[in-house]
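Asks: My structure is below; once you've seen it, I'll send some questions.
The values are calculated or read from the model by the stated rules, or taken from the named source; none is laboratory data. Since we're looking at a predicted model, the values are computed, not measured. Neighbour counts are summed over all protein chains in view; Cβ atoms, including those assigned to glycine, are modelled from backbone coordinates with ideal geometry. Surface accessibility is based on the protein's heavy atoms, side chains included, excluding ligands, DNA and RNA. Shrake-Rupley method; radii C 1.70, N 1.55, O 1.52, S 1.80 Å.
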Amino acid sequence: MKRRNIYLAVAILLFSVISMSFMTTEKITVKGSDTMVILAQKWAELYMKKNQGVSVQVTGGGSGVGISALINGSTDIANASRTMKQSELEKLKSRYGSLGVEIPCAKDGITIFLHATNPINELTLKQIGQIFSGKITNWKEVGGSDTEIKLYGRENSSGTYVFFKDNVVKTDYSPSCQTLPGTAAIVNAVKKDKYSIGYGGAAYAEGVKHCKVKKDDKSTAYEPSVENIKTNNYPITRYLYMYLRNKPTGAIKIYIDWILSAEGQKVVTEVGYFPVK
Amino acid sequence: MKKVLFVLSLLIATQLFSQTRVDSLKESIDDHKMRLDAFDERMATIVSDVEKLTKIKISGYLQSQFDYYDQQSANYLKTANSIIPTGITNSFYIRRARLKATYEATDGVKFVLQPDFSTGNIALKDAYVVINDRWLKTFSLYAGQFNRPNYEVEYSSSSREVFERSKVVKALYPGEREIGAKLEAKPTQFPLKVQLAFINGNFTGTEAKDADNAKDFMARAVYSLKFQQQGIGIDFGANGYLGQIRTKDSKYIQKSDLKIDSLGYAGKHIPKSWIGAEMQIYWDFLGGLALKGEFIAGKNTTIGTNQTSTITTKIDTSLTNYPSKIISSVAADGSFTTTTNTSSKVTMPGNNHLYEITTTKTVTKANLIRNFSGYYIYLVKNIGKDHQLAARWDNYTPNNFDKDKITSYSDLTFNTLTVAWNYFYDENIRITIGYEMPMNKTNNTTFKKDVIDNTFSVRLQAKF
């Protein structure tokens, strides 16, 4: 009896070891946009709960950092809140002989954050650009109080920094614009500073006022709501992207297909962004 | 009454004590606030300094290499990148050691400095200012020493899949760089790149100094097509070179048909020009595949220079029988020899005299004008993320004339097959193993066999 138990235990142990060797964990690395990091982490958590054999590792660092990691091979997926630059594409072509694969996975409206007590409720795109380039330095120039405007922005590895510069500021940022690492840090700073202004992804805006934005003096001002972003009425709308070196296959393809499915897009809405379709 | 007085004095004491505590708390808060303000001031200075430092970017790479050469004979000299002493069949050496400093002065203005520290050789590679237009975001103006606008020249040695550039590109653009000004246009909304460069036209890799008043002109245009669904990208374009070079020591020119002609006098300019067509195809096929090629043809020029040798002999008669200067007749290759003799009297012991005769022979080579052509084709296949196979076939015909009449090594046509395997250990380290097989055309006269000059190489590259 004792011997039979030992044989049984050894057989079970052998079977477990052999079967476990077939149960390898697929690992997917995701790196990049700080705007997308919460969304990416939520996707990863939910997906790993439903797919035990897959491990999804998510880190931020900024869109630029993610794309560099994609080019040097240290990540499978690069999250980016801007499109790839031509110089980055050239590096990808030269290293991998590939144009890369761009997958829009969510929509975002870049929100202009104001302190809750700021009397300003709406600004034109031009005014926002002039504020962040340093041409407008006092709130009274845009109908507010006679106080200096304090600027908070992102570091230059951020896709949000690049997108905002190319589409709104259109020139250099003001040297007085304080650089902060991430939208959450900007929201925190604006919350504490009555005369400040910042910008970032819509998902992070809690405890601050969302400034309505209008294309010009004669247009309607829109706030960054679901409807206004869906219909592209809100002037500072952008796609959020996943970039890959090559066409996805295997576990990566299944993961991306899930992100783009109704279930994955539901997470987008829960986090505060907007579905890609 | 006593009780009232007691309570009153207790109240006053409590009040005084509280006031003292509040005062001391206020003092402490003020003290901490001052320290925080001082800290803020110091932080502002540190932040400002750090921001200035982030404008400087340092990058570079080091290539350590081992070569094993097949040699024709003990007297054979490798003519690619370095002169190897005779009889040596293998070597370790530093092929490239580059450090590049980029300083972004303001948005749109960059300074770039890149020296190269190879074994026994320190050279300046890049030294230029680039100004990017901030209005249209289309134009860039380079001034200084920079890469000539050509695909293979501009493709960094740290990224290239095989060891060296093709023979035709090395022959036309020695040293890769030139000194001058270059204007680049890359519209953001249109996939076209145009480059125009005005350059000295005399850069040889060892000699950077301008030698004449003539300036050369280069132009290149490349258009990119993207078929995203199919995962295919195609870049295609054309380039051209128009220039001239001043002759130095010889008035004779040897043309492509090996006939000799005279310019009339040394110092006249002779033209050089060529055109090229290029294409690069990228296909996201099983991990990535690239097919790249270029064809160039035209007229190239080599300036004839002097080669001088001196012999000193002692004789016991005077210089009377020695002519002071003789110029030979022009040889079949356009060269001629000038022999000069000078003498000096040497007093020997016992009051005897000898004469020291110094004979200087200067061979002046003819200037060469050659109709040439050349091309290269690369096939690069990525295997997974870390491995890459590459093969290149390149042809260089320095002289399109009848191959049976070619007598000079410099006119010899070469076809070269290079194969390489690259392993990307991580984002900084790459190992390359490759084999280069140059095959020269043979003829019935001078070059009856293929010169044995294959090279097996192993390279370790570290890049940061």
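Asks: Check cross-link reach from residue B:57 to the aspartates and glutamates: straight Cα distance under 19 Å, and skip same-chain residues fewer than eight apart.
Replies: List returned: A:88, A:155, B:49, B:104, B:107, B:116, B:126, B:427.
Asks: Shifting gears a bit: Percent of alpha carbon pairs in segment A:208-265 separated by more than 15 Å?
Replies: Roughly 64 percent, rounded to a whole number.
Asks: Work out the charge dipole of the protein assembly as shown with +1 on the Cβ of Lys and Arg and -1 on the Cβ of Asp and Glu about the Cα centre, then indicate which of A:242, B:147, B:234 is farthest towards its positive end.
Replies: A:242
Asks: Provide the descending list of Cα extents for segment B:338-433 along its principal axes, expressed in whole angstroms.
Replies: The Cα atoms of segment B:338-433 stretch 86, 42, 18 Å along their principal axes.
Asks: Considering only protein heavy atoms, with the full assembly of protein chains and a 1.4 angstrom probe, order B:111, B:414 by accessible area, largest first.
Replies: B:111, B:414
Asks: Nearest 100 Å², what total accessible surface is buried between chain A and chain B (probe 1.4 Å)?
Replies: Between A and B, the summed buried area is about 1800 Å².
Asks: For every helix of n ≥ 4 consecutive DSSP H residues, a contribution of -39,500 (n - 2.57) applies; sum these over chain B, divide by its total residues, and give [θ] at 222 nm rounded to the nearest 500 deg cm²/dmol.
Replies: Helices in chain B give a 222 nm mean residue ellipticity of -4500 deg cm²/dmol.
Asks: Now for a different question. Please identify every one of the trypsin sites (Lys or Arg not before Pro) in segment B:390-464 that sits in a loop by DSSP and has no more than 16 other beta carbons within 10 Å of its own beta carbon.
Replies: Sites meeting the loop and neighbour criteria: B:441, B:448, B:449.
Asks: Compute the semi-axes of the equivalent ellipsoid of segment B:156-290, taking the square root of 5 times each eigenvalue of the Cα gyration tensor, and list them largest first in whole Å.
Replies: Working through the eigenvalues yields semi-axes of 37, 17, 14 Å.
Asks: Still on this structure: With +1 on each Lys and Arg Cβ and -1 on each Asp and Glu Cβ, and nothing else charged, work out how big the dipole of segment B:231-334 is about its Cα centre, in Debye to the nearest 20.
Replies: 600 debye
Asks: Another question, then. Could you size up the charge dipole of segment A:112-235 around its Cα centre, putting +1 on the beta carbon of Lys and Arg and -1 on that of Asp and Glu, and report it in debye to the nearest 20?
Replies: Computed about the Cα centre, the dipole is about 60 debye.
Asks: Under 10 Å, Cα contacts only: if you run a Gaussian network model on chain A, which one of A:52, A:130, A:178 comes out with the highest mean-square fluctuation?
Replies: Judging by the Gaussian network model, the answer is A:52.
Asks: Considering only A:120, A:197, A:110, give the residue with the highest GNM mean-square fluctuation for chain A, with springs between Cα atoms whenever their separation is below 10 Å.
Replies: Between A:120, A:197, A:110, it is A:120 that shows the largest mean-square fluctuation.
Asks: Now for a separate question. Kindly provide log₁₀ I(q)/I(0) values, in the same order as q = 0.20, 0.27, 0.29 Å⁻¹, from the Debye equation applied to equal alpha-carbon scatterers of segment B:160-223.
Replies: Each listed q corresponds, in turn, to -0.92, -1.12, -1.17.
Asks: Can you list the lysines whose alpha carbon sits under 20 Å from that of residue A:215, skipping same-chain ones fewer than 8 residues off?
Replies: By straight Cα distance, residue A:215 reaches A:107, A:126, A:135, A:165, A:170, A:230.
Asks: Only counting protein heavy atoms at a 1.4 Å probe, give the residues of segment B:382-416, ordered by number, whose accessible area falls by 30 Å² or more when the other protein chains are present relative to the chain alone.
Replies: Output list: B:382, B:385.
Asks: Dipole of chain A, Cα-centred, from +1 at each Lys and Arg C-beta and -1 at each Asp and Glu C-beta, to the nearest 20 debye?
Replies: 820 debye
Asks: Please count, across segment B:319-464, the pairs of lysine residues with Cα atoms under 24 Å apart that sit 8 or more places apart or on different chains.
Replies: Count of close lysine pairs: 15.
Asks: Using +1 at the C-beta of Lys and Arg and -1 at the C-beta of Asp and Glu, which of B:113, B:22, B:456 has the Cα lying farthest in the positive direction of the dipole of chain B?
Replies: B:113
Asks: Of A:75, A:210, A:195, which is farthest towards the positive pole of chain A's charge dipole, taken about the Cα centre with +1 and -1 on the beta-carbons of Lys, Arg and Asp, Glu respectively?
Replies: Farthest along the dipole direction, towards plus: A:75.
Asks: Are there GluC sites (Glu not before Pro) in segment B:144-212 that DSSP marks as loop and that have at most 15 other Cβ atoms within 10 Å, and which are they?
Replies: Loop-located and lightly packed - B:207.
Asks: Over its Cα atoms, what ratio of radius of gyration to 2.2 N^0.38 Å does the protein assembly as shown give?
Replies: 1.34
Asks: At 222 nm, what value in deg cm²/dmol follows for chain A if DSSP H runs of at least 4 each add -39500 (n - 2.57) and the sum is divided by all its residues, to the nearest 500?
Replies: That comes out to -11500 deg cm²/dmol.
Asks: Here is a follow-up. Write down the Kirkwood hydrodynamic radius of segment A:99-241, to one decimal in angstroms, obtained as one divided by the mean of 1/r over all alpha carbon pairs.
Replies: After inverting the pairwise mean of 1/r, the radius is 15.2 Å.
Asks: Another question, then. Tell me, rounded to the nearest percent, the portion of alpha carbon pairs in chain B spaced more than 36 Å apart.
Replies: It works out to 48 percent of all Cα pairs.
Asks: Report, ordered by chain and residue number, the aspartates and glutamates lying within cross-link reach of residue A:85, taken as a straight Cα distance under 13 Å and ignoring same-chain residues fewer than 8 apart.
Replies: A:102, A:166
Asks: Cut-off 10 angstrom, C-alpha nodes, Gaussian network model of chain A. Which of A:179, A:111, A:147 fluctuates the most?
Replies: Among A:179, A:111, A:147, the largest GNM mean-square fluctuation belongs to A:147.
Asks: Per the Kirkwood definition applied to all pairs of different Cα atoms, how many angstroms is the hydrodynamic radius of chain A?
Replies: Taking every pair of different Cα atoms in chain A, averaging 1/r and inverting gives 20.5 Å.
Asks: Here is the link list: A:50/A:247; A:91/B:110; A:150/B:186. Which ones come out longer than 26 Å on Cα distance?
Replies: From the list (A:50/A:247; A:91/B:110; A:150/B:186), the Cα-Cα distance tops 26 Å for A:150/B:186.
Asks: Would you mind pulling out the separation of the Cα centroids of segment B:284-310 and segment B:418-437, in Å?
Replies: 22 Å
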